[in-house]
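Right, one structure below, let's go through it.
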Protein chains: 2
Amino acid sequence: MSRVKFHDVVCVVKPNFGFWSAVGAFEQLREFIGYVQGLHHLPVILDWKSGDVGPSAEQYAEAIFGYFNADAVTVNPLLGQDTIAPFATYDEGSRGVIALCKMSNKTSGTFMGEGVVPAMSPALQPLLYQRIAAEAVGWNQQYGNVGLVVGATFPEELAEVRRIVGSATLILSPGIGRQKGDLDGTLGANDDGFLTINSSSGILHALPNADCIEDAAAAAGKAAEQLRDQIRSFHSAAGSPK
Amino acid sequence: MSRVKFHDVVCVVKPNFGFWSAVGAFEQLREFIGYVQGLHHLPVILDWKSGDVGPSAEQYAEAIFGYFNADAVTVNPLLGQDTIAPFATYDEGSRGVIALCKMSNKTSGTFMGEGVVPAMSPALQPLLYQRIAAEAVGWNQQYGNVGLVVGATFPEELAEVRRIVGSATLILSPGIGRQKGDLDGTLGANDDGFLTINSSSGILHALPNADCIEDAAAAAGKAAEQLRDQIRSFHSAAGSPK
């Protein structure tokens, strides 16, 4: 049986810092990032959701892009451009910054997705995720390397963000896989913009109770290949060259 | 000359994770936290500004409260209660969670401090920091261990947050020291609530070009003592027993 290799199918790897730090595996994370970049020539987004500012944010940029040498980072933009700038300007702007915009967790709507003036007509009020997207347009004019996270469970909001930021801005869309995001809905809403579909648990935990690591790896490769084929199939049906 | 000992003057120590991770000093941070807790019996707030949710946030809680064994953590609440719960419920709710509410960096007003419907009268619209404070009331009813960060450069907003959350909720107020926050304004606005005044650079960098570590330590101790005395002096003048 020919085995699907994970790295032949995916275009980027996004480790979440929480899972590595929980077991103190900092050196292992650093090695893993170098391994992915060096052996497989894949970029690494370090999913850190950094949300600090000023001199502290500069230190986080040094940690994430210097010490861990990630190619891009996820950032929590609550505190505004100060959270973005230290990452966007690091190493002459050669790394990527991906700001949380519309997330798929249950309570993200508390601040990001519902109107901030509940008594007003929804049609009159910009929602926080729309404001983040609008700010990102300015950040990108200034830096050129800022993307957004928009959960795959929200195709309507993805379409809205795509309208605000245009087709050239990277949108990272998690929620495909374990969170049952709507792949075709996401791809349709994206309108051929620069999109990265993100499946984490769906690939990593494709065979959660595997007896050996080889079986788990084979299942992960197969899950990644299936997702790639689903994306290709959508584009074939839509007549897109992608 | 009798030397002021830093740990005789301060009530809590708040290392910022960025500064330690930038140089890969994870093991040293862990040792430092144990040292502060063990030798000096001071609690440690690990300033991480964690902003993740779900299984990832649970891993961050394990990292911060398990691996690093911090007593409390700062959290970026943009994604709602899902960012709070894994920390607030960790170890039977024995640790503290301090959510960013009103910050002192320049661009924090972009989302947190300005009206989200600029065309509306400010009197009619709740601002995002007010919504965070209002949500925190509910989080505290549920968990009992959630505080808020309100920058010392905003006494009016501190008074507003204090009105919303009441006197028993911890407010951590950074910005005294290098950011020239108004100490008396902060203490006055706080209205005798549960407040922790935070000076980081003002104490740590009290003597930035010291020739030796002993001089730097002595200067830090003196700066901490001066700040404590200023706080005491305010309370004496105000006739408060604190």
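Determine the relative contact order of region A:1-119: mean sequence separation of Cα pairs under 8 Å and six or more apart, normalised by residue count, in whole percent.
20
Any idea which of A:THR153, A:LEU204, A:GLY166 is furthest toward the positive side of the dipole for region A:146-242, if Lys and Arg beta-carbons carry +1 and Asp and Glu beta-carbons -1?
About the Cα centre, the residue reaching furthest to the positive side is A:GLY166.
When the Cα centres of region A:194-242 and region A:131-168 are compared, how far apart do they sit, in Å?
25
So what is the relative contact order of chain A, in percent, for Cα pairs below 8 Å that sit 6 or more residues apart?
It rounds to 15 percent for chain A.
Of the residues A:PRO86, A:PRO126, A:PRO15, which exhibits the maximal mean-square fluctuation in a Gaussian network model of chain A defined by a 10 Å Cα contact cut-off?
In the Gaussian network model the winner is A:PRO126.
In a Gaussian network model over chain B where Cα atoms closer than 10 Å are linked, find which of B:LEU195, B:LEU158, B:LEU128 has the largest mean-square fluctuation.
The residue with the greatest mean-square fluctuation here is B:LEU128.
If contacts are Cα pairs under 8 angstrom and at least 6 residues apart, what is the relative contact order of region A:129-242 in percent?
Result for region A:129-242 is 20 percent.
What is the spin-label model distance, in nm, from A:GLU156 to B:ASP184 if the labels are put 7 Å beyond Cα along the C-beta direction?
Going by the 7 Å Cα→Cβ label model, 5.4 nm.
Rounded to the nearest 10 Å², what accessible area does B:TYR90 show when all protein chains are kept and the probe is 1.4 Å?
50
So, in chain A, how many Lys pairs have Cα atoms under 20 Å apart, if the pair is 8 or more places apart or on different chains?
Counting lysine pairs in chain A gives 11.
In nm, what does the list of distances from B:GLN141 to its counterparts in the other copies look like, shortest first, when each label sits 7 Å along Cα to Cβ?
Reported distances to equivalent positions: 4.4 nm.
Put one equal scatterer on each alpha carbon of region B:170-236, apply the Debye formula with no solvent term, and list log10 I(q)/I(0) at q = 0.12, 0.15, 0.24 1/Å to two decimals.
-0.33, -0.49, -1.02
How large is the charge dipole for the protein assembly as shown, taken about the Cα centre, if only the Cβ atoms of Lys, Arg (+1) and Asp, Glu (-1) carry charge, to the nearest 20 debye?
420
Put the label 7 Å from Cα along Cα→Cβ for B:ALA238; what are its distances to the other copies, in nanometres, shortest first?
Distances between equivalent label points, in nm: 5.8.
Taking every Cα atom in chain A, find the radius of gyration and the maximum pairwise distance Dmax, and write them in Å.
18.3, 61
Okay, helix-only estimate at 222 nm for chain A: each DSSP H run of n ≥ 4 adds -39500 (n - 2.57), divide by all residues, round to 500 deg cm²/dmol; what do you get?
Mean residue ellipticity at 222 nm (helix-derived): -13000 deg cm²/dmol.
Specify the residue with the greatest mean-square fluctuation among B:CYS212, B:CYS101, B:CYS11, computed from a Gaussian network of chain B linking alpha-carbon atoms under 10 Å apart.
Ranking B:CYS212, B:CYS101, B:CYS11 by mean-square fluctuation puts B:CYS212 first.
Give me Rg over Rh for region B:1-104, both radii from the alpha carbons and Rh done the Kirkwood way, two decimal places.
Reported Rg/Rh, Kirkwood definition of Rh: 1.01.
7 Å along Cα→Cβ for the label point: how many nanometres lie between A:GLY66 and each equivalent label in the other copies, listed shortest first?
Its label point is 3.0 nm from the equivalent points in the other copies.
Evaluate the charge dipole of chain B about its Cα centre and quote only its size in Debye, nearest 20, assuming +1 on the Cβ of each Lys and Arg and -1 on the Cβ of each Asp and Glu.
420
Need one value for B:13-23: mean number of C-beta atoms belonging to other chains within 10 Å of its residues' C-beta atoms.
Average per residue, whole number: 6.
Please state the charge dipole magnitude for region A:168-242, taken about the Cα centre, from unit charges on C-beta atoms (+1 on K and R, -1 on D and E), reported in debye and rounded to the nearest 20.
120
Per residue, how large is the accessible surface of the protein assembly as shown? Use a 1.4 angstrom probe and give square angstrom.
Accessible area per residue: 44 Å².
Out of region A:131-233, which chymotrypsin sites (Phe, Trp or Tyr not before Pro) are coil in DSSP terms and have no more than 16 other C-beta atoms within 10 Å?
A:PHE194
The values are calculated or read from the model by the stated rules, or taken from the named source; none is laboratory data. Owing to the predicted nature of the structure, the values given are computational and were not obtained by experimental measurement. So basically every Cβ, Gly included, is an ideal-geometry build from the backbone, and we count neighbours across all protein chains shown. These accessible areas exclude ligands, DNA and RNA; they are computed on the full protein's heavy atoms, side chains included. Shrake-Rupley method; radii C 1.70, N 1.55, O 1.52, S 1.80 Å.
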